[in-house]
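First comes the structure, then the notes that go with it.
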Amino acid sequence: MPVISAPDSMHPDANRGPTGDHRDELVIAAGPQAGTRIELTSDVVSVGRHEASALLLDDVSVSRHHAVFTRTASGRITLRDLNSLNGTYVNGKRVEETTLHSADEVQIGKFKLVFWEATE
């Protein structure tokens, strides 16, 4: 997965869902990589500033081990905060753990990502 740098402004395509069949994915909503789509292909995707994170978010506003995306037995994606300093937000509300739905806006530190559920 890519290293994501701090965001500047929202990408105009971030809130548009993908077309056609696709896997669960995140769209980077702001920053130099805005508009980039990241497929959640693993059952567990760690997020943080640590170099071993599957999704490395490169900014001091992100904890080394910040959050984790997990695919449940039913195929849904959950997001769990790992007791990060600045918290994890979904649609503007701080969460400890939540199930994600299409078009949910996830904020981790300064980074905004939009989640899109898989279609078949």
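Test Leu100 against the stated conditions and say whether it is in contact with a Phe, Trp or Tyr (Cβ under 7 Å, 6 or more places away or on another chain) and in contact (Cβ under 8 Å) with a residue 40 or more places away in the chain.
Spelling it out, it is not the case that Leu100 is in contact with a Phe, Trp or Tyr (Cβ under 7 Å, 6 or more places away or on another chain) and in contact (Cβ under 8 Å) with a residue 40 or more places away in the chain.
Within region 87-120, restricting attention to residues that are among the small types (Gly, Ala, Ser) and closer than 23 Å to Asp58 by Cβ, which residue is modelled with the highest pLDDT?
Gly87
Here's a check for you: in region 97-115, which residue that is open to solvent by less than 30 Å² (accessible area, probe 1.4 Å) and not aliphatic (A, V, I, L, M) is nearest to Arg49 (Cα to Cα)?
Among residues in region 97-115 that are open to solvent by less than 30 Å² (accessible area, probe 1.4 Å) and not aliphatic (A, V, I, L, M), the one nearest to Arg49 (Cα to Cα) is Gly109.
Got a number for residues in region 44-59 being assigned to a loop (DSSP other than H, G, I, E, B), open to solvent by 30 Å² or more (accessible area, probe 1.4 Å) and in contact (Cβ under 8 Å) with a residue 12 or more places away in the chain?
The qualifying residues number 3.
Here are some conditions: (1) among the hydrophobic types (A, V, I, L, M, F, W, C); (2) surrounded by 14 or more Cβ atoms within 10 Å (Cβ to Cβ); (3) over 10 Å from the mean Cα position of the chain (by Cα). Ala73 meets all but one. Which one does it not meet?
Failing condition for Ala73: (2).
Would you mind stating whether Arg94 is part of a strand (DSSP E or B) and either open to solvent by 60 Å² or more (accessible area, probe 1.4 Å) or of a type in the set (Ser, Thr, Tyr) (or both)?
When the stated conditions are applied, Arg94 passes them.
The values are calculated or read from the model by the stated rules, or taken from the named source; none is laboratory data. Remember, predicted model here, so these are calculated numbers, not experimental data. Cβ atoms come from the backbone with ideal geometry, glycine included; neighbour counts cover every protein chain shown. Just the protein is used for accessible areas: all its heavy atoms, side chains included, with ligands, DNA and RNA removed. Shrake-Rupley method; radii C 1.70, N 1.55, O 1.52, S 1.80 Å.
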